[in-house]
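Structure first, commentary second.
The values are calculated or read from the model by the stated rules, or taken from the named source; none is laboratory data. Predicted model only: the values in this text are computed from it and were never measured. As a convention, Cβ positions derive from the backbone with ideal geometry for all residues, glycine included, and neighbour counts pool all protein chains shown.
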Amino acid sequence: MIRDYTVSLSPEQAASAIIETITQEKALFRIGKDPGILLDNYRINSSSGTIISLILTKYYIRVGSFITLAITISNLLGVTTIHVSTGGHKRWSKEGEDFGAGSDFMDMVEKALADYIVQRET
């Protein structure tokens, strides 16, 4: 599953909003709801702009495994673009279905950026 956004934030602001929402959101601390974990936060800065690569993971009980988000944030084209994709650590069913966990995890990114999304593509 893949989603792309254009936002009215700098790459740093977008990355901070995503990290905070996924790893520190108070609403996540309920029984059966663990926060996400930031596995990697890599940046390249140049005179042309910034590229940020984030890798986050979160355990989902419904699939008995972790779902991972790979996020690339860039302003090399003059606007801040965000590319989000999901993956998992094991095959969940014969068809590879994750029972909506990937979509739910991606929704957290959209929640973090909701007030700043200029364009959404799927």
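Here are the numbers for this structure:
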read-out	value
ILE51, sole failed condition from (1) modelled with pLDDT of 90 or more; (2) more than 20 Å from ARG3 (Cα to Cα)	(2)
Of residues in segment 36-78 being polar (S, T, N, Q) and under 16 Å from ASP104 (Cβ atoms), the one farthest from the chain's Cα centre (by Cα)	SER65
Single condition ILE67 does not satisfy, out of (1) outside any helix (DSSP H, G or I); (2) modelled with pLDDT of 90 or more; (3) surrounded by 17 or more Cβ atoms within 10 Å (Cβ to Cβ)	(2)
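So that you can scan it fast, the table gives a plain yes or no per residue for (1) β-branched (Val, Ile, Thr); (2) modelled with pLDDT under 90; (3) in contact with a helix residue (DSSP H, G or I) (Cβ under 9 Å, 6 or more places away or on another chain):
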residue	(1), (2), (3)
THR21	yes, no, yes
LEU28	no, yes, yes
SER47	no, no, no
ILE71	yes, no, yes
GLU95	no, yes, no
